[in-house]
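The values are calculated or read from the model by the stated rules, or taken from the named source; none is laboratory data. Worth saying up front: this structure is predicted, and the values here are computed from it rather than measured. Every residue, glycine as well, gets a Cβ built from its backbone with ideal geometry; the counts of neighbours run over all protein chains shown. Quick note on the areas: whole protein, heavy atoms, side chains included, nothing else; ligands and nucleic acids left out. Shrake-Rupley method; radii C 1.70, N 1.55, O 1.52, S 1.80 Å.
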There are 4 protein chains.
Amino acid sequence: MAVRLAAFPIEHAGDASGLAQALAGWPDLGSLRELVIFAKVPGPATLNDPSRELMQTVFADALKTAAAPPIRMILSVGCEGIGASGGWLLAEDGVAGEGAARLMLVSTETDIIPEAGRGEPAHVLAVACAVRDAMAQSGLAASDIQLVMVKSPVRRNQANATGRSRGAAALGVAVALGEVAENAITPEAMDDPSLFGTRAMTMSGTETGRAEIVILANRAGAGGNLVIRSAIMRDIIDIGGARRLLESADARFDADGVLANPDDLGLVLLKAGIAPDGRLRGRPTHIHGTDIPADKHLRAAASGVLAGLLGSNDAFITGGAEHQAAPGQCLIAAIARETT
Amino acid sequence: MAVRLAAFPIEHAGDASGLAQALAGWPDLGSLRELVIFAKVPGPATLNDPSRELMQTVFADALKTAAAPPIRMILSVGCEGIGASGGWLLAEDGVAGEGAARLMLVSTETDIIPEAGRGEPAHVLAVACAVRDAMAQSGLAASDIQLVMVKSPVRRNQANATGRSRGAAALGVAVALGEVAENAITPEAMDDPSLFGTRAMTMSGTETGRAEIVILANRAGAGGNLVIRSAIMRDIIDIGGARRLLESADARFDADGVLANPDDLGLVLLKAGIAPDGRLRGRPTHIHGTDIPADKHLRAAASGVLAGLLGSNDAFITGGAEHQAAPGQCLIAAIARETT
Amino acid sequence: MAVRLAAFPIEHAGDASGLAQALAGWPDLGSLRELVIFAKVPGPATLNDPSRELMQTVFADALKTAAAPPIRMILSVGCEGIGASGGWLLAEDGVAGEGAARLMLVSTETDIIPEAGRGEPAHVLAVACAVRDAMAQSGLAASDIQLVMVKSPVRRNQANATGRSRGAAALGVAVALGEVAENAITPEAMDDPSLFGTRAMTMSGTETGRAEIVILANRAGAGGNLVIRSAIMRDIIDIGGARRLLESADARFDADGVLANPDDLGLVLLKAGIAPDGRLRGRPTHIHGTDIPADKHLRAAASGVLAGLLGSNDAFITGGAEHQAAPGQCLIAAIARETT
Amino acid sequence: MAVRLAAFPIEHAGDASGLAQALAGWPDLGSLRELVIFAKVPGPATLNDPSRELMQTVFADALKTAAAPPIRMILSVGCEGIGASGGWLLAEDGVAGEGAARLMLVSTETDIIPEAGRGEPAHVLAVACAVRDAMAQSGLAASDIQLVMVKSPVRRNQANATGRSRGAAALGVAVALGEVAENAITPEAMDDPSLFGTRAMTMSGTETGRAEIVILANRAGAGGNLVIRSAIMRDIIDIGGARRLLESADARFDADGVLANPDDLGLVLLKAGIAPDGRLRGRPTHIHGTDIPADKHLRAAASGVLAGLLGSNDAFITGGAEHQAAPGQCLIAAIARETT
């Protein structure tokens, strides 16, 4: 059941050529399972931006042409700052593995969450339930799980609809992983920043009525050479925290503090947040209250922080960390190739 | 003639309270000379944004109230990403100094540059001439000069007017410093990216008809404890280059690669650029061709790069590096307190 | 007590030259009362746009220079579409009038409305109380009043803060004028679109903690030759409704349906709204859900509707008609010179 | 050869349901020719907006499903203000007609225009040549032609690339129709606003390397009951000019000046322009120099002007009238059902 990973380039929202080439590189494609695409899609990332819809359409065509098995896509629009667009294709082969804990993938989804329940406790519980069921079916313990990626449905015409959607999904994962008590999930909890998990990275998706979920865990016997690690950065510029996470995935840093073995790193994911008052270590930012939405400021700034550290602008960066960390903190994760 | 430096906070474009307090901290204000304010002003940074005009108005009021000597202001709007707003007040006292090379300030300006000549060779030569004259009058050699800050006038209704304004001013400084030959300054030169200097940081200013210039140099006997250093970063994520520049100003870095002695650093300035094709070490960015102007992407990304390195979002970051470095490169400078 | 009106041009947010000239045209300025400026200010109209603050600053300077009496300013940023920027100066002389009902002005303000109460019933009641008091003091009946202009304070960090501020002020006027029952003002009422008045035009103002109010009424004996009329348009393209309102103010229209006697019209004011679903007579608009805020779409579209009818782009157009009319409807008002 | 016209709704850039229904309404679809879709597509209309690409993809699917003959699509993104999204499907049947002059369609295209030639005289001449050839082949005289719609390729990284593309195409049509002399087409002509035609409506299209052209003419014997008329409005608020054009297509207006027989009007097209200085009948607009591009201001304002006149927001409105009319003027056209 070893997981494999292929990165592929995306030049624009209609470009599936990189994916097609990645698929062609896996001749045993038909026998793979738990296929997942994570992708950063370029586009305006405005409310009426159809970039994700177009990307999904051209990806679906490429997958059909390659006769690929069913796949789950978690697409995020917005490559502000110096963020690169690009995609990552992950899949498991059916071969039994052995040895040390290695990356495994479990994907699942909720039923359709009724509009009125989105961003509300019902949304939280639907996600919690789906994650728990998937854990039970695949025999995963909460301690095995490093990261849960969720694409979460949005309620139309709701104030802060995307933030509430992300927050509800994050709380759902936190409940399933035992980080937040289920009975804490009241209507008031949705606005309570003191409730949060530390292993969910959630994106709102207007194109889905279900929460779509990908669990990334390490388990002995999974096989392959990939591992996943995640950690909390105390704020968006916590280079020390980011560095220790990467080092836990066998990254090494040169004398300038820049990643020395980039080829061993398969994928870095960062969920960028900022304190509600927009201040960073005592100084003002202007993330809140400008004509550019906060998540664009965050993705742009995070692209710089991370690219400085990695020596590359290639990462999966999203903004809006509601209930995914304490206010002002960020979640970082890395999939790396274990060489030992 | 020692230079002193006071940083002050700015919360919004109408906030001169920080400046007022900084001025109050200098009881000998009336005897100072070469006063300069550098400030990052929060605001939308759109074409019709009056933030700089408002900032200038409230600063002028504060200066008048404090009975300050004439002052030159170089205000730059735009604190995208995690960039902090804030200002820096510099001035020379009249006291003769001695000893090692220390920071000195020389400010000057051109005559009004006629609209038709802006962004053209006439603009270059006006700046070159003003810089040369100031060097001659103050006895500065080109090799003394680390940084020349220019606020440069803009031609209305010109394609890429702000870029051409910045580029012309940068070429003018480069000519004065002997980095570019004066006879290379033809109309075609304005669009020739192979012509550039390495010590000018230029900002376009619709509010001025003159190029306003502040020369920052180190000279033996200047007195005080400030020095300035500048260098070129090979690209916006060249942490190594930035680090070596800061180390040349006695900065030290901790095991994570983060600045360990921030109190010794008075002001870091960064001019952010990107390659014309928008690629960074082989990977695409989406800086060009989105609804967010390129300079906002650059400032936002640079705010992350620099804050990761400095452990603080406090810096003077501007975007648009035309003729101020080779295409894709960036200029960084630091004013530091010499403690030895 | 005749009211006089002078229109003046504004070219940019720092331009008070038109106001200065208008003030100079009133040699008896010192004896005037109830001075009011209404102005459409050009500017980005983003959250962090200081255009209004700058305009206020330069207006204050011009008024001080002219030794003008205290004045109330209702400034609105945003001249999207083909809307012109410009201002209108109104004032009463102290001369007793006689004869038919003519325009009179009463301005007032609330106490500072605490942040927590803004956009809430307390806000409504504060406005209602201030309007009622002003009516009582000036002997105005509700039926005399054609229009109440309100600049209304905003609660920071509230979802839809500007909309709630406008809505609360409008409900306050409606209560004072007997259009909405005071006991209907519950917390739920703030979100109830079935509650609305028809004579309030409200603008949110982040620069004020009080609601600032200008009542425009017609009263016999007021003197002068100005009258004000207001009416509801059934939607933003209800040319018939707009035309009948203007005709009630003695406007005449040519064979093309364009205003034939523009010189008799002093000022047209329009508050533009759209149905919550964004549909107009059955067809979709894209006012909601784009990167351009709804009020900018509305002001831009209204600038076209009105300019087509008036043959001029000169009007005071604002967007956001919460509780100022039934959903989807608009409020129009005109100050005209009675020539009979 | 009678032309038929079917309007269909578009709710979002991925919505081809309206087109599918329109196609289903034409059971003889396979025998039709000269099929054309004009559509206003909702979307952010930013440089990196893929709305048009997505619309084209879903339209292509719908056409394939319906086994439709080859079709030409002229899609324009941007429904600012109160503009409705929507599409119009036109086609000719093969039946010979007789009687009075009626609408006929001729579509054609140029070869691929090399990048370097776009927005240059080569672009003009390519369009002129294609239009002339199509006229010759179909026996159309210049005087038969009321409107030529062109989707015109864009040169990357050119200042004002979209404006130059539109302008070059418009000059090409003007040359073909004898409105501009061919020998006037020098490089300088591209920037000469005194050169213009009056019957081309041109849209830039980054998705095409060819200019794609649809000629709309009236010819005796064409059959059917549709006619097309076009005219120049002296400016964007020239209600009289617009009204006379519509009356020439048998429109009638009620006492308020609003269209009384909307069902007889099949499609109204408007190309909105503004004077280079942004002034309208002496008063400033702020169309130039804001954060919202000029063409969005223009489309939004025109949506209001036209909807006021038509009593409906349903029209094909585009902005950017370079060389398509004298500076500041606009082109309006209508396809109407002749009922006599």
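Computed values, structure above
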{"item": "Segment B:142-159, residues that are open to solvent by 10 Å² or more (accessible area, probe 1.4 Å) and within 20 Å of the chain's Cα centre (by Cα)", "result": "B:A142, B:S143, B:D144, B:Q146, B:V154"}
{"item": "Verdict on B:R229 being open to solvent by 60 Å² or more (accessible area, probe 1.4 Å), assigned to a strand (DSSP E or B), over 30 Å from A:I292 (Cα atoms) and more than 9 Å from chain A (Cβ to nearest Cβ)", "result": "yes"}
{"item": "Some residue of segment D:87-97 being in contact with a helix residue (DSSP H, G or I) (Cβ under 9 Å, 6 or more places away or on another chain), more than 22 Å from D:T202 (Cα to Cα) and part of a helix (DSSP H, G or I)", "result": "no"}
{"item": "The lone exception for A:T162 - which of (1) modelled with pLDDT of 95 or more; (2) assigned to a helix (DSSP H, G or I) it fails", "result": "(1)"}
{"item": "Residue list for segment D:164-179, restricted to those being touching a Ser or Thr at 6+ places or on another chain (Cβ under 6 Å) and either without any contact (Cβ under 8 Å) to a residue 40 or more places away in the chain or open to solvent by 10 Å² or more (accessible area, probe 1.4 Å) (or both)", "result": "D:R166"}
{"item": "Residue match in segment A:76-89 (condition: within 13 Å of another protein chain (Cβ to nearest Cβ), free of Cβ contacts under 8 Å to residues at least 12 places away in the same chain and open to solvent by 10 Å² or more (accessible area, probe 1.4 Å))", "result": "no"}
{"item": "Count of segment B:276-305 residues which are small (G, A, S), within 30 Å of B:W88 (Cα to Cα) and either open to solvent by 10 Å² or more (accessible area, probe 1.4 Å) or modelled with pLDDT under 95 (or both)", "result": "1"}
{"item": "Number of positions in segment A:35-51 that are within 14 Å of chain C (Cβ to nearest Cβ) and either part of a loop (DSSP other than H, G, I, E, B) or surrounded by fewer than 20 Cβ atoms within 10 Å (Cβ to Cβ) (or both)", "result": "8"}
{"item": "So C:A134, is it assigned to a helix (DSSP H, G or I) and within 19 Å of C:L35 (Cβ to Cβ)", "result": "yes"}
{"item": "Options A:L195, A:L259: the member that is open to solvent by less than 20 Å² (accessible area, probe 1.4 Å) and either more than 14 Å from chain B (Cβ to nearest Cβ) or of a type in the set (A, V, I, L, M, F, W, C) (or both)", "result": "A:L259"}
{"item": "Selection count, segment B:264-283, where residues are within 14 Å of chain A (Cβ to nearest Cβ) and outside any strand (DSSP E or B)", "result": "7"}
{"item": "Any hit, segment C:55-75, residues being touching a residue at least 60 places away in the same chain (Cβ under 8 Å) and assigned to a helix (DSSP H, G or I)", "result": "yes"}
{"item": "Pairs where the first residue, in segment B:107-126, is touching a residue at least 40 places away in the same chain (Cβ under 8 Å) and of a type in the set (V, I, T) and the second is in a loop (DSSP other than H, G, I, E, B) and open to solvent by less than 70 Å² (accessible area, probe 1.4 Å), C-beta under 6 Å, 6+ apart", "result": "B:T110/B:A211; B:I112/B:G209; B:I113/B:P153; B:V124/B:I185"}
{"item": "Candidate set from segment B:53-64 (those that are in contact with a strand residue (DSSP E or B) (Cβ under 7 Å, 6 or more places away or on another chain) and not aliphatic (A, V, I, L, M)); member that is nearest to the other protein chains (Cβ to nearest Cβ)", "result": "B:Q56"}
{"item": "Selected residue (criterion: nearest to the other protein chains (Cβ to nearest Cβ)) from residues of segment D:1-34 that are open to solvent by 50 Å² or more (accessible area, probe 1.4 Å) and in a helix (DSSP H, G or I)", "result": "D:S17"}
{"item": "Qualifying positions in segment D:321-340 - touching a Lys or Arg at 6+ places or on another chain (Cβ under 7 Å) and open to solvent by 10 Å² or more (accessible area, probe 1.4 Å)", "result": "D:A321, D:E322, D:Q329"}
{"item": "Top-ranked residue of segment B:239-251 - restricted to ones that are open to solvent by less than 50 Å² (accessible area, probe 1.4 Å) and part of a loop (DSSP other than H, G, I, E, B), ranked as farthest from the other protein chains (Cβ to nearest Cβ)", "result": "B:A249"}
{"item": "Per-region count, segment D:109-122, residues out of contact with any His (no Cβ under 6 Å at 6 or more places or on another chain) and either open to solvent by less than 30 Å² (accessible area, probe 1.4 Å) or small (G, A, S) (or both)", "result": "6"}
{"item": "Condition check for A:R132: within 29 Å of A:M190 (Cβ to Cβ), modelled with pLDDT of 95 or more and among the charged types (D, E, K, R)", "result": "yes"}
{"item": "B:D254 of a type in the set (D, E), out of contact with any Gly (no Cβ under 7 Å at 6 or more places or on another chain) and within 14 Å of chain A (Cβ to nearest Cβ)", "result": "yes"}
{"item": "Qualifying position, being more than 12 Å from chain D (Cβ to nearest Cβ), on the phi > 0 side of the Ramachandran plot and open to solvent by 50 Å² or more (accessible area, probe 1.4 Å), among C:A100, C:A67, C:A96", "result": "C:A67"}
{"item": "Conditions (1) farther than 30 Å from A:E207 by Cβ; (2) open to solvent by less than 30 Å² (accessible area, probe 1.4 Å): number failed by D:L54", "result": "(1)"}
{"item": "Selection count, segment D:196-249, where residues are acidic (D, E) and under 16 Å from the mean Cα position of the chain (by Cα)", "result": "1"}
{"item": "Members of segment C:20-58 found to be acidic (D, E) and more than 18 Å from the chain's Cα centre (by Cα), listed by number", "result": "C:D28, C:D49, C:E53"}
{"item": "Single condition D:G289 does not satisfy, out of (1) facing chain C (nearest Cβ under 10 Å); (2) under 24 Å from C:L310 (Cα atoms); (3) without any contact (Cβ under 8 Å) to a residue 60 or more places away in the chain; (4) small (G, A, S)", "result": "(2)"}
